[in-house]
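Taken together, the values in this text are just the output of simple stated rules run on the coordinates, not laboratory data. Because the structure is predicted, anything quoted here is derived from the model rather than measured. No Cβ is skipped: glycine too gets one built from the backbone with ideal geometry, and neighbour counts run over all protein chains shown.
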Amino acid sequence: MALRSVLPVLRPYIPRFAPLSTAPAVREQPAAGPGALPGRGSAKAVRAPVPAVDFGNTQEAYRSRRTWELARSLLVLRLCAWPALLAHHEQLLYVARKLLGQRLFNKLMKMTFYGHFVAGEDQESIQPLLRHNRAFGVGAILDYGVEEDLSPEEAEHKEMESCTSAAERDGSGTNKRDKQYQAHRAFGDRRSGVISARTYFYANEAKCDSHMETFLRCIEASGRVSDDGFIAIKLTALGRPQFLLQFSEVLTKWRRFFHQMAAEQGKAGLAAMDTKLEVAALQESVAKMGIASKAEIEDWFTAETLGVSGTVDLLDWGSLIDSRTKLSKHLVVPNAQTGQLEPLLSRFTEEEELQMTRMLQRMDVLAKKATEVGVRLMVDAEQTYFQPAISRLTLEMQRKFNVEKPLIFNTYQCYLKDAYDNVTLGVELARRECWCFGAKLVRGAYLAQERARAAEIGYEDPINPTYEATNAMYHRCLDYVLEELKHNTKAKVMVASHNEDTVRFTLRRMEELCLHPADHQVYFGQLLGMCDQISFPLGQAGYPVYKYVPYGPVMEVLPYLSRRALENSSLMKGARRERQLLWLELLRRLRTGNLFRRPA
């Protein structure tokens, strides 16, 4: 089945592409009103000054915490930084469970690791913590932290089954597939080398429905606490990942084809938004490849689909993958190695088409429920071989649901070499099509796995070469988005970072760009149980800040807790500072006789 069979399936759940134009975009100017700022479209009352944020003031940072909670934090963070314990933590947990029995083991976990990193077992039990944090200016991104307790062999088997199409299993669909977008047994257990991220393995459609119901309950729980909460979702929880693999390959090959045409026109190496193909030269090149007749090719590049500029940029190019363009039936690209024209998408069976449809239906159900309740959906990023499809499907949801305000947030991983191009394309597309841009910027959770996979299978490493390069990319992407926020009052960004330097950079740029925290355009996010010295001072100073709040039954959240422990070892520098601040606050309370103070 060609790609023309895929996009009609999308149509009932997503709107059609708007015709694009490469004419200069006009940025939205904020209307005059009580919420406007000087220099942003109107004259208005001067805002109250923004309070200074001191990340070293332990009294303010831990004002919401009881003394025993500080002691627990200190103990847990110290144990998480103990290499010998981390190396054998799974065996130790197993022994403790056998010795204590399930009931006492659960109590021990709730007194230590589980109590520190997890909010509770269900939607009801987490409410007191959510309300407590909210009282101190910190919101919640609800994240159901349950994972199946699978052995590596079981995980590998499930992954290979769910990521391999019927065509590949009978041997007819593998020879032309890009090896980056094929399932590989050595990396079948996607949990390996991953910190902080939940991992879902496809079992069947009923299990995906169960995940959707869990996300719906998350939405309801978040809506009961506030009208501006978030929940985090993963698309691999909502459907068979085979479709994400194949669609990612389509999008990557189509983008690669664009850059191949750009190189032929002498425009290689330019930034994504600066690369524009001359339509006349493009038509001639495509005709020479024998993809279609010259008359057909001229029909593809019309004023209706591309505007009248005479050039095609990457956003215009992406819009051509659409069922309403005549190009769809000719979606083949030349293979640089073989010189042969190849179809962009393998054939789907009837059942595979139904599985793809159900994934899109589940996304739509969640977005509609979030709209009703007033909760934002944050679509988490995943591995690079899934991510192009995840980003594209998230974008389609943004087109439909981000008309008045950002309800759907896409995630951009700044450890990727193409992060800046992805961010700039997303911002520009939202401008052109007049919907509200919403994004979360993260460094990324799959570095070790991605590097090992690229080296083993033999494709270019997609990750920036150094931590410093990733930091520079993060700040570059963030600066671009903050500049957009200065002109576009409806755009939003979540700065999801535990790095104090990144947070300080954001605060400085907000001040320079006159982005006031009361406008709620810039959000900050950290994990529950980490970096309270960043989260709570920000929240108490009036900045919108959120904790990623996992919840779920003790035994089912243990895989998540294992990664929390491992993450603290990899963030040793930040955890060491946090432990120092916790000690200082405990000593301060001891000196001042406030060991038994209650949060106020």
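At an R0 of 60 angstrom, the distance between the Cβ atoms of Ser125 and Asp274 translates into a FRET efficiency of 0.70.
Sparsely packed loop sites in segment 88-196 (the GluC sites (Glu not before Pro) outside DSSP H, G, I, E and B with at most 13 other Cβ atoms within 10 Å) comprise Glu124. Once the chain from Ala281 to Ala203 is taken as fully extended at 0.36 nm per residue, the excess over their C-alpha distance is 23.3 nm. In order along segment 590-598, the phi-based Karplus estimate (6.51 cos²θ - 1.76 cosθ + 1.60, θ = phi - 60°) of 3J(HN,Hα) comes to 5, 5, 9, x, 10, 4, 10, 5, 9 Hz; Gly and Pro are listed as x. Backbone geometry of segment 369-380 corresponds, through the Karplus equation with coefficients 6.51, -1.76 and 1.60 at θ = phi - 60°, to 3J(HN,Hα) couplings of 5, 4, 4, 5, 8, x, 10, 8, 9, 10, 8, 5 Hz, x marking Gly and Pro. Extension gain for the segment Asp479 to Ser192, taken as residue separation times 0.36 nm less the Cα-Cα distance, is 100.0 nm to one decimal. Which of Lys253/Lys490; Lys179/Lys400; Lys440/Lys486 have a Cα-Cα distance over 29 Å? Check vs 29 Å cut-off fails for Lys253/Lys490; Lys179/Lys400. From a point 7 Å beyond the Cα of Lys368 in the direction of its Cβ, which residues of segment 224-266 have a backbone N at a distance under 14 Å? Hits in segment 224-266 for Lys368 at 14 Å: none. Less than 5 angstrom separates the built amide H of Tyr548 from those of Ile141, Gln526, Leu527, Leu528, all sequence-distant by 5 or more or on a different chain. At a Förster radius of 25 Å, what calculated FRET efficiency corresponds to the Cβ-Cβ distance of Lys98 and Arg78, to the nearest 0.05? Given R0 = 25 Å and the Cβ-Cβ separation, E is 0.50. Net length available on complete extension from Leu590 to Ser226 is 127.5 nm, with 0.36 nm assigned per residue and the Cα-Cα distance removed.
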